[in-house]
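Read through the structure below, which is laid out as structure tokens, and then see the notes.
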Amino acid sequence: MMEAELFVAWFEEAARQVRDNRDRLTRLDAAIGDADHGTNIDRGLTEVLKELAESAPRSPGEVLTTAGATLIRRVGGASGPLYGSLFRQMGKTLESPVTLARFAGAFEEGVVAVERLGKATMGDKTMVDALIPASRALALAVRDGVDVRRALDQAARAAAEGAKTTIPLQARKGRASYLGERSIGHEDPGAASAALFMAALAAVAT
Amino acid sequence: MKKLINTADSVVEDALNGMAAAHPSLRVRDRVVYRAEGPRPGKVGLVSGGGSGHEPLHAGFVGHGMLDAACPGEVFTSPVPDQIIEATKGVDGGAGVLHIVKNYTGDVLNFEMAAELVEGVEVASVLVDDDVAVQDSLYTAGRRGTGATLFVEKMAGALAEEGAPLARVAAVAAEVDERSRSFGIALSSCTTPAAGKPTFDLPETDVELGIGIHGEPGRARVPMVSARELAGVAMEAIHGDLPLTGDLLVMVNGMGGTPLMELYVVFAEVAAFVKGKGARVSRSLVGNYVTSLEMQGFSVTVCRLDDALTRWWDAPVETPGLRWGR
């Protein structure tokens, strides 16, 4: 079972990992965007932790909707609304008590919300290229009946591999798409940060 | 790189405090810049916004004849829906509000969310996408909004002052965008306060063609050539997309780090190009209006005028960034 504390810990760990990787994310964004992805996500997660401490949400769903709404309200850019929608939709869908199957279902709903808002699909060189493989890995884990820890490990690995698949792609969405063929050869910063989020969740699940 | 800042985190806040202190005609509250006098009953309100670092766009264009409010985001980061909602409510004089949105994924998402969430105000929106350097296709996010944003804000602003209804102001704003094209060239990158080093490395010998306004790399990198040749590249790209005929409004815009003298060197070449195509520079603007921090370079924006658009361009305007006829 996955409790509210686990989801709060998820955002704490994500904030730590994003901070550790802030320069790398910004460097990736400088290559094909405008060099602010690391800064923006770092700033957003700092606000999320503040908001979670203040409002002390009780259920996993509330933790996620609080985090999502905060990201939408505080971050700006494209990543604010996109990550915000991911967590808010996940939170709205997630029923307690949270089982792996329920989490996988809510995660998929969140990813669909991102796809819809950003009008992006697999292969556009966006965060979706990391999120969809993670979602599929969760669904497979549910089908195979593996435990939560292993399932989240598999999701994190799938997201990391998904992020790497963006390197040879030509961007079709967002600012990177302005570069045309010059976007080829660079990892998408949104996919990279999505992989960090999944790694953070795997790290706090015990 | 040295920057005149206190801290990278506070740069937007500190600059807004400076704007408020310098311009009593503005009121700054919760990261929104309003006209100090508040909304005028019956007038359509104009709200724009976007990342900071493009000054005077947008906050410098708040005032009579242009915007009613501007929402500045963090440096090169679009504003958040809360700002846009507050601005929209704050400028509504009962005739509705026009959102002027530059076509960037972040700007579009945040303005869309705000338009959906705001209650009790009729909202229309216009998307500015004038940059011919980006192919408008399914395989890109579509053309960027750059210099034409100023034209849209000026002309739609003049029409709104005349008391035109929201649908008409929105239609004219869209028409200005359709009649306008831009192309930008960078001689150097720029440095965001948070990053502290240039967004991309551009050797002394090269220029970037087809840049936007966020220090992002352009479509191609070529060896540096004369102002005449660079102006030619920009004008050929514009002319190839929207043939230059009749009376034109032409802006040669500095990206923030190019001396006015050099912008006039470019303007002379642009004017010669226009003449060579049998068109006429009817109105012009030369200076730093839609900038990318301290980037060196320029953009050219051309709008095909008609009598009505010319009149709205000439109409009085009184803002920190643009002021005439009043």
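The values are calculated or read from the model by the stated rules, or taken from the named source; none is laboratory data. It should be emphasised that the depicted structure is a prediction, and the values quoted were computed from it without experimental measurement. FYI the Cβ positions are ideal-geometry reconstructions off the backbone, even for glycines, and counts take in every protein chain you see.
Return the residue satisfying two criteria in turn: it lies in segment B:191-219 and is within 13 Å of another protein chain (Cβ to nearest Cβ) and not in a loop (DSSP other than H, G, I, E, B), and of such residues it is nearest to B:Q296 (Cα to Cα).
If we take residues in segment B:191-219 being within 13 Å of another protein chain (Cβ to nearest Cβ) and not in a loop (DSSP other than H, G, I, E, B), then B:E208 is nearest to B:Q296 (Cα to Cα).
Go through (1) within 14 Å of chain A (Cβ to nearest Cβ); (2) touching a helix residue (DSSP H, G or I) at 6+ places or on another chain (Cβ under 8 Å) for B:E86 and report which single condition fails.
That leaves (2) as the condition not met.
Please go through segment B:303-312 and pick out each residue that is surrounded by fewer than 20 Cβ atoms within 10 Å (Cβ to Cβ) and hydrophobic (A, V, I, L, M, F, W, C).
Selection gives B:A308 alone.
Being within 14 Å of chain A (Cβ to nearest Cβ), among the hydrophobic types (A, V, I, L, M, F, W, C), part of a strand (DSSP E or B) and out of contact with any Gly (no Cβ under 7 Å at 6 or more places or on another chain) is true for just one of B:V222, B:V286. Which residue is that? Break it down stepwise before answering.
Numbers: B:V286 fails: within 14 Å of chain A (Cβ to nearest Cβ).
Only one candidate qualifies: B:V222.
State whether the residues of segment B:244-261 include one that is free of Cβ contacts under 8 Å to residues at least 24 places away in the same chain, over 30 Å from B:T192 (Cβ atoms) and assigned to a helix (DSSP H, G or I).
Here is the first cut: in segment B:244-261, the ones free of Cβ contacts under 8 Å to residues at least 24 places away in the same chain are B:259, B:261.
Pick out the ones that are also over 30 Å from B:T192 (Cβ atoms) and you get none.
There is no residue in segment B:244-261 that is free of Cβ contacts under 8 Å to residues at least 24 places away in the same chain, over 30 Å from B:T192 (Cβ atoms) and assigned to a helix (DSSP H, G or I).
Would segment B:76-87 turn up any residue that is free of Cβ contacts under 8 Å to residues at least 24 places away in the same chain and under 18 Å from the mean Cα position of the chain (by Cα)?
No, there is no match, as no residue in segment B:76-87 is free of Cβ contacts under 8 Å to residues at least 24 places away in the same chain and under 18 Å from the mean Cα position of the chain (by Cα).
Conditions (1) away from chain A (no Cβ under 14 Å); (2) surrounded by 21 or more Cβ atoms within 10 Å (Cβ to Cβ); (3) part of a helix (DSSP H, G or I), marked per residue:
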position	(1), (2), (3)
B:E116	no, no, yes
B:T149	yes, yes, yes
B:D177	yes, yes, yes
B:S189	no, yes, no
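Among residues belonging to segment A:1-46 that are among the acidic types (D, E) and in contact with a Leu (Cβ under 8 Å, 6 or more places away or on another chain), point out the one that is nearest to the other protein chains (Cβ to nearest Cβ).
A:E12
Does segment B:136-147 include one or more residues that are away from chain A (no Cβ under 14 Å), in contact (Cβ under 8 Å) with a residue 12 or more places away in the chain and buried (at least 17 other Cβ atoms within 10 Å of the Cβ)? Even if it seems obvious, please write down each step before you answer.
Taking segment B:136-147 as the starting set, the residues that turn out to be away from chain A (no Cβ under 14 Å) are B:147.
Those left that are additionally in contact (Cβ under 8 Å) with a residue 12 or more places away in the chain: B:147.
Filter once more, so that each one left must be buried (at least 17 other Cβ atoms within 10 Å of the Cβ): B:147.
Within segment B:136-147, one or more residues are away from chain A (no Cβ under 14 Å), in contact (Cβ under 8 Å) with a residue 12 or more places away in the chain and buried (at least 17 other Cβ atoms within 10 Å of the Cβ).
Counting residues that are among the hydrophobic types (A, V, I, L, M, F, W, C) and modelled with pLDDT under 95, which helices (runs of 4 or more DSSP H) fully inside segment A:1-106 reach at least 3?
Per the criteria, A:22-32.
Scan segment B:91-115 and report the pairs whose first residue is within 22 Å of B:G42 (Cα to Cα) and whose second residue is aromatic (F, W, Y) and modelled with pLDDT of 95 or more, with Cβ atoms within less than 8 Å and a gap of 6+ or a chain change.
Listed pairs, sorted by first residue: B:V91/B:Y34; B:H99/B:F111.
Among the residues of segment A:47-71, count how many are within 13 Å of chain B (Cβ to nearest Cβ) and surrounded by fewer than 24 Cβ atoms within 10 Å (Cβ to Cβ). Please lay out each step first, then the result.
At the first step, the residues of segment A:47-71 found to be within 13 Å of chain B (Cβ to nearest Cβ) are A:47, A:68-71.
Cutting the leftovers down to surrounded by fewer than 24 Cβ atoms within 10 Å (Cβ to Cβ) gives us A:47, A:69.
The number of residues fulfilling the criteria is 2.
Which count do you get for residues in segment B:89-114 that are more than 14 Å from every other protein chain (Cβ to nearest Cβ) and not in a loop (DSSP other than H, G, I, E, B)?
7
When you go through B:K102, B:K43 one by one, which is the residue that is among the basic types (K, R) and either surrounded by 24 or more Cβ atoms within 10 Å (Cβ to Cβ) or under 16 Å from the mean Cα position of the chain (by Cα) (or both)?
Values: B:K43 fails: either surrounded by 24 or more Cβ atoms within 10 Å (Cβ to Cβ) or under 16 Å from the mean Cα position of the chain (by Cα) (or both).
Every option except B:K102 fails the conditions.
Which of (1) away from chain B (no Cβ under 13 Å); (2) at negative phi does A:A78 not meet, given it meets every other one?
If we test A:A78 against (1) away from chain B (no Cβ under 13 Å); (2) at negative phi, just (1) comes out false.
What pairs can you find where one residue is in segment A:146-163 and under 17 Å from A:E108 (Cα atoms), the other is of a type in the set (D, E, K, R), and their Cβ atoms are less than 7 Å apart, with a gap of 6+ or different chains?
A:A158/A:R136; A:G162/A:D129
In segment B:10-28, what residues are in contact (Cβ under 8 Å) with a residue 40 or more places away in the chain and within 23 Å of B:P81 (Cβ to Cβ)?
B:V11, B:V12, B:A15, B:L16, B:M19, B:L26
Can you pull out every residue in segment B:170-207 that is under 30 Å from A:R43 (Cβ atoms) and free of Cβ contacts under 8 Å to residues at least 60 places away in the same chain?
Across segment B:170-207, the qualifying residues are B:A195, B:T199, B:F200, B:D201, B:L202.
Any residue that is within 26 Å of B:E74 (Cβ to Cβ) and within 19 Å of the chain's Cα centre (by Cα) - is there at least one of those in segment B:193-209?
So the first thing to find is which residues in segment B:193-209 are within 26 Å of B:E74 (Cβ to Cβ), and the list is B:193-202, B:208.
Now narrow it down to the ones that are within 19 Å of the chain's Cα centre (by Cα): none.
Within segment B:193-209 (the criterion being within 26 Å of B:E74 (Cβ to Cβ) and within 19 Å of the chain's Cα centre (by Cα)), the answer is no, since none of the residues qualifies.
Exactly one of (1) within 14 Å of chain A (Cβ to nearest Cβ); (2) over 21 Å from B:V317 (Cα atoms) is unmet by B:G49. Its number?
(2)
For the structure I just gave you, tell me whether B:L230 is part of a strand (DSSP E or B) and buried (at least 19 other Cβ atoms within 10 Å of the Cβ). Spell out the reasoning first.
On the way: part of a strand (DSSP E or B): no; buried (at least 19 other Cβ atoms within 10 Å of the Cβ): yes.
The answer is no for B:L230.
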